[in-house]
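Read through the structure below, which is laid out as C-alpha cells, and then see the notes.
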Amino acid sequence: MKKLGLVRDIDLALHLPLRYEDETRLTPIGTLAEGDAAQVEGEIRDCRVEHSRTRRHLVARVRDASGELVLRWLNFYPSQQKQLATGRRVRVRGEVRGGFLGLEIVHPVLKVVEPGAPLPTTLTPVYPASAQLPQAYLRKVVESALRRVALDELLPADVAPPGLPSLRESILALHHPAPGVPMSALEDRTHPAWQRLKFDELLAQQLSQAFAQAERARLRAPPLQANGVDHLRAKLAATLPFVLTRAQQRVVAEIERDLALDKPMHRLLQGDVGSGKTVVAALAAATAISAGWQCALMAPTEILAEQHFRKLVGWLEPLGVGVAWLTGSRKGRARQAMLGAVASGEAALVVGTHAVIQDDVHFARLGLAVVDEQHRFGVEQRLALRAKLGAHGAGSARSAAPAGREAAALEPHLLMMSATPIPRTLAMTYFADLDISTLDELPPGRTPVVTKVFADDKRAQVIARIRDELARGVGRQVYWVCPLIEESESAEGSASQALDAGPTGMMGRSSGRRPPADLQNATDTHAELSAALPGTMVGLLHGRMPAAEKAAVMSLFTEGQMRVLVATTVIEVGVDVPAASLMVIEHAERFGLAQLHQLRGRVGRGTAASVCVLLYTAPLSPTAKERLRALAETNDGFEIARRDLEIRGPGEFMGARQSGDALLRFADLGTDAALLARAREMAPRLLRESPEAAAQHVARWLGSRSDYLKA
Ligand code: ADP
Ligand code: MG
C-alpha cells in the first residue's frame, strides 16, 4: 500500500476506480451471444474434471429457466470443485465465447448466492490493483477509509469551477456511482465529479509549486562571483579550442547572474544533443572554483562520467585545478584518497556518477552541483541529491556565510542539464520552481545526420554499407545499437533507467527485468558483424559488463583502434566520439522517440557527413510508424519533443521523465486545459486570501508525495 502511496485514509479515498463492472443486471442464459460481457444466475447442474492429453480442465454447467451455459477453468483448486456442488445457486460474470459444447465462459467471476439474493444497485468499482494488492482487499480498505475520512470542503465557494459537485459528493459518486449513471461518462472521466477532482488535483499541484518556490526563496547560498580579468573562468574561456556560440554565451551569462546571488540557483539547462552543454558546465564550475568553492558534476553512467572527467581534467588541470573522480566501481585505497581530497577541499572539482552523493562523501565547501542528463537519474536519486545538498552541501562552511545570516545553513547552487527538451508550456506547469535556460543553436560546421528507415530484411545491405563506410578510410567509425531495456549498472544500483524504451517502457515505466534474450541479441549481432568484417576490430558494450571492461572498450573505440561498436543503450547519453559517422539501430520500433533522437546524437559530431539507419521489424504499430517518420523528417530536438508530446500526450510524455505516480493521476494536460487555466488563476488568489486552506489542500492531495515535485 505504501508503494502505491496509500497511507492515509484520504489517500484511499482518492484511490479512484479505473473502471466499473456492471453487476446490477442479470441476462437470461438463453439470450446470450458470443462476445457478450454478461452476468447470469442459475443452478449448477454438474461439475467435473475433464482430461485432455496435456491438461486438466474443471468444467461445470449452469442452468436457468432459459438455457444452459458451460463454465470452464484451465487452472483450479480441488476446493473449487467442491464449491460447485450440483444444485448450488451461483451468479457468474465474464465474457461469453463459443466453445465445443456450446456457449461458455472461461474463468468466470463466480459467487455462490441464496435464491432471491438482491442484486447490487450501483456499479462495482474496479481499482488500480496489483498482484500483491488484490481487488477484493482494496475494495474493503477503500470502503472502510471512506467511512472514516473527513471530506469537508476546504476551498472557498467560488474557487472550483461553478456548477460542480462538492469534494465529498464527487468522491462518493465515483466510488459508488448512483443507479443510472452511464458507465461511459465515468470511464472517460467527463462526469462532473471527475471534473471537480481533476480541478482539485491541478490546484494542489499549482499550490505546491508555489510553496516550493517560497521555500527556496528563504534558503541561502554562497554568492559565487569571481572578480578580476584573470579569474579562472576567463582563463578557461581563453584556452578553449573553439569560440562559444551566441547561445552558449547567453546561457553562461544567465547562469553567472544566478550564481552571484545569495539564494540557491535552481536552473535547468536544456539544449539539443551536441549543442555544447558540457563546456557551459565547465565554465560555471570555473566560476565557483575561483570564488573559492567546490563543484560536483554528476553523470548518470560511468561511461559518461569518465568522459567528462577526461575532458575536464584536460581543460582545468593545466589551470591548477584539482579534479577528483568518484564512481561506484572505485573501491579501497583509491577511493579513500579521493574522499580525503574531497573533504579537505584539495579536489576543487569532483566528477562522477551518483556515487558523488553517497553517505561517506563529505565536501569541504560545496558551492555548485551540476547534474548532467538529469532526466536519466531516477526520482529517488534526485531526491537523495536534494537531501544531500541540503544537509551537507555548503552547510559545512557556515563560517563563510555573510554576516547576519550565520544561523542559516548555506545550500549549493544547482544546475541540471538535459538534452530532451520539454516544451515551454509543459515545463511551466510541471516546474514552477525551476528556471530554464535553453541552448537553441548548434556549434558551427556540423553536417546534419541523414536518417534512413529500412525493414530488417535489408540487414545484409546495411552490413555491406558498413564495409563501404570503413573502406573510406580512418576517421570513420560505426555504432550498432541493440535494444536492451534493463541497463542498470550493477555496481551502482540503477544509475540509468531506459524509461521510454520498448513497448513496456512506452507505457511510462519499464516493468522489471527483460528476458536475457535482449542481451543475446547484442552478442549475436556482435558475432555476426565480427564474422562479416574480417580484419576489423568489433567491440561489444553493455550495461552488465564490469566497469573496467566497459572503460577499456570505450577507450579503444574513442581512440579509433576499434572501428565498430555493438552497444546497448549504455551509449545513449552524452557519449562523444567525433569520428563516429554511421549508426545502425536495430529494432528501432522498440525505442521511444526521445531515446532514438539521443542515440542518433552520437553521430554527426565531427566534420564527416553522417548517416543513421533505423532497422525495424514489421509489423509496425501506428505510433511506432509515427515515431520513425518523425525521426526521419527532422533533426531538431525541440521539434522531436513536440512530436513526441503529440504522439504520447502530456501525461505519458512527462511520466517518462518524472515519476508517473507522483504527478498528475487524474488530470490530463491535453484534455483538461481549461481546468488547468482556472487552477493557475486561482492558486495565487487562494494563497493570498486563505493560505491556511491552501496548505491543507496541498497536504490532503499530496501528503508525502509533495517531495517529488522538488526532484
Ligand atoms: P551536449 O550538449 O550534447 O552535451 P557536448 O557538450 O558533448 O554536447 O558537445 C558536443 C561537442 O561539441 C563536443 O565535442 C564539444 O567539445 C564541441 N563544442 C562545444 N561547444 C562548441 C563550440 N562553441 N564550437 C565548436 N565545438 C563545440
Ligand atoms: Mg552532454
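The values are calculated or read from the model by the stated rules, or taken from the named source; none is laboratory data. What you see is a predicted model, and the numbers here were worked out from it, not measured in a lab. For neighbour counting, all protein chains shown are included, and Cβ atoms are generated from backbone atoms with ideal geometry for every residue, glycine included. SASA here: full protein model, heavy atoms, side chains in, ligands and nucleic acids out. Shrake-Rupley method; radii C 1.70, N 1.55, O 1.52, S 1.80 Å.
Assorted remarks:
- Spacing of the two label points (7 Å from each Cα toward its C-beta) at Thr617 and Ala699, in nm: 5.3 nm
- Residues whose amide H comes within less than 5 Å of that of Gly539, counting only those at least five positions distant or on another chain, are Val564, Leu565, Val566 (H built at 1.01 Å from N in the peptide plane).
- Kirkwood hydrodynamic radius of region 25-119, Cα pairs, Å: 13.3 Å
- Taking every alpha-carbon pair under 8 Å whose residues sit at least 6 apart, the chain reaches a relative contact order of 13 percent.
- 21 Å Cα-Cα reach of Lys111 towards lysines, excluding residues that sit fewer than 8 places from it in its own chain: Lys82, Lys140
- Computed over protein heavy atoms with a 1.4 Å probe, the accessible surface of the chain works out to 43 Å² per residue.
- Region 1-16-region 165-225 distance, computed between alpha-carbon centres (Å): 15 Å
- Once backbone amide H atoms are built at 1.01 Å from N, Gln39 has Thr27 as its partners under 5 Å, excluding neighbours fewer than 5 places away on the same chain.
- Peptide packing: for 136-148, 294-306, the average count of neighbouring Cβ atoms within 10 Å per residue gives the ranking 294-306, 136-148, highest mean first.
- Computed from Cα positions, the angle between helix 517-532 and the longest principal axis of the chain comes to roughly 50 degrees.
- Rounded Å value of the spacing that divides the Cα centres of region 93-127 and region 266-310: 61 Å
- Translational diffusion of the chain, estimated by Stokes-Einstein from the Kirkwood radius over alpha carbon pairs at 10 °C in a medium of 1.306 mPa s, is 55 µm² per second.
- Solvent-accessible area of the chain (1.4 angstrom probe, protein heavy atoms only): carbon and sulfur portion equals 54 percent.
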